[in-house]
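Colleague: Can you keep this structure in mind? I'll have questions shortly.
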Amino acid sequence: MSAKKSFLLRIDPALFAELERLAQADLRSVNAQVEYLLRDALARRGIRPRSAAPPKGASREPSR
């Protein structure tokens with residue numbers, strides 16, 4: 001099962017069409033494009049979201 005949170009987003013049809021066009025150009029789904037744009041916007045503000053799970057291959061023990 002996916003560890004991602006799902007939610008309903010109401011969006012202007014013209015904005016969705018532009019997101020769809022941009023996603024196609026970047027070879028992404030609209031969902032992946034929205035997530036990419038949100039992460040980029042947060043990064044520009046110096047915010048890095050904490051991951052719910054450690055990255056694959058990451059040790060669970062603290063480094064010494």
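The values are calculated or read from the model by the stated rules, or taken from the named source; none is laboratory data. Keep in mind that what you see is a predicted model, and the values were worked out from it rather than measured. Every residue, glycine among them, receives a Cβ derived from its backbone with ideal geometry; neighbour counts consider all protein chains shown. Protein only, heavy atoms only, side chains kept; ligands, DNA and RNA dropped before computing areas. Shrake-Rupley method; radii C 1.70, N 1.55, O 1.52, S 1.80 Å.
Colleague: Given a Förster distance of 30 angstrom, what is the FRET efficiency for Ser29 paired with Arg50, based on the Cβ-Cβ distance and rounded to 0.05?
Modeller: Numbers: r = 24 Å, r/R0 = 0.80.
Efficiency for this residue pair is about 0.80.
Colleague: Considering only protein heavy atoms, what per residue accessible area in square angstrom results for the stretch 1-51 with a 1.4 angstrom probe? Kindly include the intermediate steps, with their values, before the conclusion.
Modeller: Details: 4980 Å² over 51 residues.
Value for the stretch 1-51: 98 Å² per residue.
Colleague: I would also like to ask the following. Just grab the label-to-label distance for Arg21 and Ala3, each label 7 Å out from Cα along the Cβ direction, in nm (one decimal).
Modeller: Each label point is offset 7 Å from its Cα along the Cβ direction, giving 3.7 nm.
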